[in-house]
Amino acid sequence: MMWQRISVTLAAMAVLLINAPGISHASDVTELDEADRAKLETILAADHRTPEFAARDGYRNPAAVLDFFGVEPGMTVVEIWPATGWWTEILAPWLRDKGTYYAAGFAVSQDITPQWRVNMQREFEQKLAAEPAIYDQVQVTEIGPTAAWEPVPPGSADRVLAFRNFHNWIRGDYEDEMLEAIYRSLRPGGVLGLVQHRAKPGTTREQSKDIGYVDPAYIIERARAAGFELQARSEINANPKDIRDHPEGVWTLTPSLRYCEAMDDDDERNACEARYREIGESDRMTLRFLKPDDTGAQETSGFMRLVAGIANTLRGSGPGETLEGEAFSMERFEKLQAEDAVILIDIWASWCPTCAKQRDVLAEYQTEHPEANLHILEIDYDGDRDLVRHVRAPRQSTLILYRGDERYWYSVAETRRDKIFAAINQAVQAE
């Protein structure tokens, strides 16, 4: 067919252009547009930020860090262990209207979690509840030992961010489990952005437990073992004044000043604090890791969206051209639930090749199983963002399956025919 020949030509053009100079892959960092950058600058200067937090911007460099990690509105972003919410005060309002922010906190459901972390997590949640105008869209989840290793649906995150946590994972002997969980959370082409106190080369894992500084070589080794590729490093958070050899490890420095606080003599303590304040906060590595895209399908690439859109237009129809679906509405959804119907909510986008594959599979199911009376309710990811947030879909290509008011299945980017058919059949055959 003519549209097939043209689509092949477009695909070949895509391969050539993607590999040409000046064309960014989806996993590459892109420049923020002026509106998003201006909004970030406004948030950094906003009154809702805790003054003590804002005072640390000179050491934590939030705008430059987010730029380096390629974070931008519209993405699904997961922060590991937000603690008291330093980054939450920035990320939550920035992603509130465009994107999804998951605050993957301490695993309070697990008996192994110490009480001080449980208390901190509860205080964090109270902080969010106190200012709904800023934090009402934050998705609070958890991650940590012994069994809370799925903070978000697998393959749903564009970015996972971890700030100065790696030494804690080493202390708990679960750095590999944490990295593996993060890897599963990311979509192919997604990025892990990691900031950590930087140890001197040759510092051992056991030493890191005591001093809080970690050898970059060890982090890179463990990240690669989990499947990541090191994409880039940055000296954004470097501090050459930090000699990385202190009596109380990294906690000797500001803001902890643990070594000085133990001194009884006021003059001695004040002199100690002045000395360490002069150094500032710790020397830190800033690393960007990539989850490789094994399929080569860069769904978030603007160029590939264009190619997909042109191909669909030439084909004469959008993806899943024989799919019998209807626009999602709460009234229709609740009516079908009351009838104990089988309902599949399809969050799709016209430019999304994964969505096209899913919709073709769903159309095949309808053709082969007309007796199933499967009701497909469609949500346009680009046009119905309020509904996307309402059903808590992390991104396009999300499928959510119900039988009546019971949710049977939830998947992101699943295109395997046997898996989709099996999930629907389970719901259809349920008593």
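The values are calculated or read from the model by the stated rules, or taken from the named source; none is laboratory data. Since the structure is predicted, the reported quantities are computational estimates derived from the model, not experimental observations. Please note: Cβ atoms are built from the backbone with ideal geometry, for glycine as well, and neighbour counts cover all protein chains shown.
Quick notes on this structure:
- Residues in segment 36-55 that are in contact with a Ser or Thr (Cβ under 9 Å, 6 or more places away or on another chain) and surrounded by 15 or more Cβ atoms within 10 Å (Cβ to Cβ): Phe53 only.
- Of all residues in segment 118-136, those satisfying the criterion of being surrounded by fewer than 16 Cβ atoms within 10 Å (Cβ to Cβ) and either within 16 Å of Ile43 (Cβ to Cβ) or charged (D, E, K, R) (or both) are Arg122, Glu123, Glu131, Ala133, Asp136.
- Restricting attention to segment 108-138, the residues that are in a loop (DSSP other than H, G, I, E, B) and farther than 17 Å from Arg49 by Cβ total 9.
- When every residue of segment 350-357 is checked against the conditions, at least one turns out to be within 23 Å of Val428 (Cα to Cα) and either surrounded by 13 or more Cβ atoms within 10 Å (Cβ to Cβ) or without any contact (Cβ under 8 Å) to a residue 24 or more places away in the chain (or both).
- Residue within segment 394-406 that is touching a residue at least 60 places away in the same chain (Cβ under 8 Å), more than 30 Å from Leu95 (Cβ to Cβ) and basic (Lys, Arg) present: yes
- When residues in segment 407-431 are screened for being of a type in the set (Gly, Ala, Ser), closer than 15 Å to Cys355 by Cα and assigned to a helix (DSSP H, G or I), 0 of them pass.
- Any hit, segment 54-76, residues being assigned by TED's automatic domain parsing to the domain that holds Arg233, acidic (Asp, Glu), touching a Phe, Trp or Tyr at 6+ places or on another chain (Cβ under 8 Å) and not in a loop (DSSP other than H, G, I, E, B): no
- Considering segment 270-295, the residues that are hydrophobic (A, V, I, L, M, F, W, C) and part of a helix (DSSP H, G or I) include one that is nearest to Leu186 (Cα to Cα), namely Ile279.
- When the test is whether a residue is farther than 29 Å from Gly74 by Cα, at pLDDT 95 or above, surrounded by fewer than 18 Cβ atoms within 10 Å (Cβ to Cβ) and over 17 Å from the mean Cα position of the chain (by Cα), Arg198 does not pass it.
- Residue under evaluation Ala217, criteria (1) surrounded by fewer than 23 Cβ atoms within 10 Å (Cβ to Cβ); (2) closer than 19 Å to Ala92 by Cα; (3) small (Gly, Ala, Ser), criterion not met: (2)
- The combined condition, being farther than 27 Å from Gln231 by Cβ and in contact with a Ser or Thr (Cβ under 9 Å, 6 or more places away or on another chain), is not fulfilled by Gln115.
- Top-ranked residue in segment 370-392 [being closer than 13 Å to Ile424 by Cα and part of a strand (DSSP E or B); ranked as farthest from the chain's Cα centre (by Cα)]: His375
- Answer residue from segment 393-406, given it is part of a loop (DSSP other than H, G, I, E, B) and at pLDDT 80 or above and is surrounded by the most Cβ atoms within 10 Å (Cβ to Cβ) among those: Ser397
- Residue list for segment 141-169, restricted to those being in contact with a helix residue (DSSP H, G or I) (Cβ under 6 Å, 6 or more places away or on another chain), surrounded by fewer than 20 Cβ atoms within 10 Å (Cβ to Cβ) and either within 18 Å of Gln121 (Cα to Cα) or β-branched (Val, Ile, Thr) (or both): Trp149
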